[in-house]
C-alpha cells in the first residue's frame, strides 16, 4: 500500500527500528487541536462516543446482572473501562496526531460475560491480569510490528471489511423494526451528504433520527441513579484453570481487536504505532483488571468512525475526533450511574443506523484495498467470508480466524504472490 501521506499527518515513527514508535508529540498535538476542532471532527467524535456508550455498555451491564454481580461491582466495571479507555484516546491521539480511539473490546466483554457463569469475579480478575501481561509482553517483544508488516494488505483489508460490514447490515434489521425512524436517519444522512458537505452526513442522520424518535415516542423509560461512579477494588484469585482457559483466549481476542484497529488506520493511509498500541493496551488492561474491568484497548469500530471521511477531508485533523471521543468517554466513566440510565432510553435502532452509516466510507476503502491490487485475491475472499460470518471458536472471535484462514489459503494456493511481495 502506498505510504504517500506526509509523516506529520500520520504520526508514527521516523525511526522504524525503535521499539516504541515516536510521534509528533503532545506539544504538536495540543497546538494543532484548536484548529482541528471543527464541526466534522466534533461530529465524528460524538457519533463514535454515542456508539461506544450505548450498545456496548449494555453488554457489560446485562452480563454483570446475569452473573449476579452487585451494583457496586457493575458500576466499577463500567466506569473503569470507560475512564481508562477515554484516557487512552487522549494520550495516543494527542501524541501521535492520529484518530486512535481507546475503549475496550466488545468480543472480549462477551467472552468475559460468558465465563462469569463458571468462575468467580476474583478468578476472572486473575484471568484478566494474565491476558494483560501477555498482551504487554507481546508489545514489548516487537513482534506485532513484524506481524503487521508481513500480513498481506489485501487480506488485512478484507478482514476489516468483513468485520465492519455487519454494522452496515444492522441498518436493514433496524428498518424492519422501526422503518420511520431509520428512514428519517437515512434521509438526514443523504441530505447533508449532498447539500451540506461541510457537515458529516452522520450528524444529519443523528439529528433527523432523534426528531423521528421524539415524534414516535420511541425513547424508553429509564431509572437514573445520580451517584458519582467510583471504581471499587475487587481482589484477585489466581486459579490456574481460569488463567489458562479464559486468560489466553482473552489475550488473543484483545490483540485481534488491536490488529483490526491498526488495519482501519492503515486503510485510511495512517501509519499506526503498532508496538505502542499493543503496549498501551496491555498496560491499560493491567490497570483496570483489579477493579473488575475486563480490558482497555484500542477500539476498532470507533477508530473507524473517527478516522473516516466523516471526520473531515484533512487527515492531519482527524485526531481531534478521537480527542472528543476520549473526553466523552471519561465523562461517561465518571457519571456511569447516570449515563447508563440515559443510554437505556435511546432507541437501539437509531444507534445501529447511525453507526452503520458511519462505516460506509471505511467499507469502501477496505473493499478497494482488498480486491483491486490483483494479488492474494482468494485469500482475501476467504478472510472476508470468515469475518462476515462472525464466528467464535474456542472463545476467539472472527478477526483472528479471518486472518488465519486468509493467510493460510494464500500460502497454499497463492504462494507466488508472497514471493512477488517479498521482492517488492
Fill in the blank from the handout: When segment 339-358 is checked residue by residue, the ones that are at pLDDT 80 or above and over 14 Å from residue 52 (Cα atoms) are 347, 349, 357
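Suppose the filter is at pLDDT below 90, on the phi < 0 side of the Ramachandran plot and in contact with a helix residue (DSSP H, G or I) (Cβ under 7 Å, 6 or more places away or on another chain); does residue 30 pass it? Break it down into steps so the answer makes sense when it comes.
Numbers: at pLDDT below 90: no; on the phi < 0 side of the Ramachandran plot: yes; in contact with a helix residue (DSSP H, G or I) (Cβ under 7 Å, 6 or more places away or on another chain): yes.
So residue 30 fails the test.
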Fill in the blank from the handout: When segment 62-83 is checked residue by residue, the ones that are assigned to a helix (DSSP H, G or I) and crowded, with 19+ Cβ neighbours inside 10 Å are 63, 64, 74, 75, 76, 77, 78, 79, 80, 81, 82, 83
Problem - One residue from 110, 72 being touching a residue at least 24 places away in the same chain (Cβ under 8 Å) and within 30 Å of residue 271 (Cα to Cα) - result: 110
Exercise for the section: Please indicate, with yes or no, whether at least one residue in segment 47-61 is under 14 Å from residue 331 (Cα atoms), assigned to a helix (DSSP H, G or I) and in contact with a strand residue (DSSP E or B) (Cβ under 7 Å, 6 or more places away or on another chain). Expected result: yes
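Each row is one residue, and each column tells you yes or no for (1) in contact with a strand residue (DSSP E or B) (Cβ under 8 Å, 6 or more places away or on another chain); (2) closer than 20 Å to residue 369 by Cα; (3) surrounded by 24 or more Cβ atoms within 10 Å (Cβ to Cβ); (4) in contact (Cβ under 8 Å) with a residue 24 or more places away in the chain.
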position: 239; (1), (2), (3), (4): no, no, no, yes
position: 255; (1), (2), (3), (4): no, no, yes, yes
position: 259; (1), (2), (3), (4): no, yes, yes, yes
position: 267; (1), (2), (3), (4): no, yes, yes, yes
position: 273; (1), (2), (3), (4): no, no, yes, yes
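Are there any helices (runs of 4 or more DSSP H) wholly within segment 96-193 with 2 or more residues that are over 23 Å from the mean Cα position of the chain (by Cα), and if so which?
Fully inside segment 96-193 and qualifying: 121-141, 153-177.
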Exercise for the section: Being in contact with a strand residue (DSSP E or B) (Cβ under 9 Å, 6 or more places away or on another chain) and closer than 11 Å to residue 285 by Cβ is the filter; apply it to segment 103-143 and report the residue that is surrounded by the most Cβ atoms within 10 Å (Cβ to Cβ). Expected result: 104
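Results for (1) under 21 Å from the mean Cα position of the chain (by Cα); (2) crowded, with 24+ Cβ neighbours inside 10 Å; (3) modelled with pLDDT of 90 or more, shown as yes or no for each residue.
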| site | (1), (2), (3) |
| --- | --- |
| 228 | no, no, no |
| 231 | no, no, no |
| 244 | no, no, no |
| 309 | yes, no, no |
| 325 | yes, yes, yes |
Exercise for the section: Could you please tell me which pairs satisfy a Cβ distance under 6 Å, a separation of 6+ or placement on different chains, a first residue in segment 404-417 that is closer than 14 Å to residue 374 by Cα, and a second residue that is surrounded by fewer than 20 Cβ atoms within 10 Å (Cβ to Cβ) and modelled with pLDDT under 90? Expected result: 417/375
Completion exercise
Checked segment 364-398 for anything surrounded by fewer than 18 Cβ atoms within 10 Å (Cβ to Cβ) and either in a loop (DSSP other than H, G, I, E, B) or touching a strand residue (DSSP E or B) at 6+ places or on another chain (Cβ under 8 Å) (or both); matches are 372, 373, 374, 390, 391, 392, 394
Exercise for the section: Would you check if there is a residue in segment 292-300 being closer than 24 Å to residue 147 by Cβ, at pLDDT below 90 and surrounded by 24 or more Cβ atoms within 10 Å (Cβ to Cβ)? Expected result: yes
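The values are calculated or read from the model by the stated rules, or taken from the named source; none is laboratory data. Just so you know, these numbers come straight off a predicted model, no measurement behind them. With ideal geometry, Cβ positions are generated from the backbone for all residues, glycine too; neighbour counts draw on all protein chains shown.
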